[in-house]
Amino acid sequence: MYNLTRFSLSEMTECGAILRKLGIGAASMEAVANSIVHHFYNQFLDPETGQSALALVRFFKTHAYSDLPTDLQPIATQMLGSTTAHPGLKCLTLLATTGDRPEWNARTASTGHQVIPLPSERMVTQAPMIAQLIQQLGLTINNVLAPDPDLLVDLQERTYNVFHIPNAINSSYIPAQAEFVAPCKIQSVLGFGGMLPSGNLMAIILFSKLPIQRDTAELFKPLALNAKMAILPFSQGPIFASPSA
């Protein structure tokens, strides 16, 4: 069990070792992602309440439109409106989720976040949280939308920064203030991730009910690599769990 207010280097190392092993015996990347989000939700506790310090944990990965499951393609198309969904269109896709509310415990129950098309740099900049996530990780929007094959090795081997919003209340980068941030008592948001060999981005985002200081946030940088190592065996698939799994 970990405490976000005093998360230590030794605990980070321990957490990372556990993350690396979460892919053992899994049948899909989605299964590993589910294990990862549940690990964070169940292990980071509020010392005063004994409950999870995290209101919500989500695992996102970009996919080409043509690689989306058939149930997600119509959602992406609807969100695009008049914009055409070409096969290579990058979509930020919710691969795993868990949290305090029942509807946060299945990716198919999510409203508005199951799949988010990223048709252009201009459109991404209009989604402040996504744009800030990409920027704070140390990437450009174009790295995510159309990664240069000549730079891909460098991108996937880079040590990434963290996405850190220390004060979520009234932050312009965190939407749904009245519907989500205030009622769920979100204090800080922390994200970490990186590029996969496929040229897709993975990102884990923690919505915390306890404030997360910058020195604590920095300890999550290595955990991005640990999580990446867990899902790498499924980089070429299977990505999504079968309906019967």
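Once Rh for the chain is found with the Kirkwood sum over Cα pairs, what is the Stokes-Einstein diffusion coefficient at 37 °C and 0.692 mPa s, in µm²/s?
In µm²/s, the coefficient rounds to 181.
Between N167 and E11, how high is the FRET efficiency from 1/(1 + (r/R0)^6) when r is the Cβ-Cβ distance and R₀ = 25 Å? Nearest 0.05.
0.55
As an exercise, use a Förster radius of 25 Å and the Cβ-Cβ distance of I24 and A64 to find the FRET efficiency, rounded to the nearest 0.05.
Computed FRET efficiency for I24 and A64: 0.35.
Just grab the label-to-label distance for M1 and E179, each label 7 Å out from Cα along the Cβ direction, in nm (one decimal).
About 3.4 nm separates the two model spin labels.
Given +1 on the Cβ of Lys and Arg, -1 on the Cβ of Asp and Glu, and no further charges, what dipole in debye does region 1-101 carry about its Cα centre, rounded to the nearest 20?
Taking the Cα centre of region 1-101 as origin, the dipole is about 220 debye.
Among the GluC sites (Glu not before Pro) in region 21-119, which ones are in a DSSP loop with at most 11 other Cβ atoms within 10 Å of the Cβ? Mind listing them?
Listed in order of number, the matching sites are E48.
Taking the mean number of other Cβ atoms within 10 Å as a proxy for protection, how do you rank 114-122, 18-26 from highest to lowest?
The most tightly packed comes first, giving 114-122, 18-26.
Taking each pair of distinct Cα atoms in region 23-91 once, what is the resulting Kirkwood hydrodynamic radius in Å?
Over region 23-91, the inverse of the mean reciprocal pair distance is 14.7 Å.
Test of understanding: ordering I212, I169 by Cβ neighbours within 10 Å, fewest first, what list do you get?
Lowest to highest Cβ neighbour count: I169, I212.
Charges at C-beta only: +1 for Lys and Arg, -1 for Asp and Glu. How large is the resulting dipole of the chain about its Cα centre, in Debye rounded to 20?
About 120 debye.
Counting helices only, and only those DSSP H runs with n ≥ 4, report the 222 nm mean residue ellipticity of the chain as the sum of -39,500 (n - 2.57) divided by its residues, in deg cm²/dmol to the nearest 500.
About -9000 deg cm²/dmol.
Only the coordinates and a few stated rules stand behind these numbers; no lab work does. All figures in this text were calculated on a predicted structure; none of them were measured in a lab. Reconstructed Cβ throughout: ideal geometry from the backbone, glycine too, with neighbour counts over all protein chains shown.
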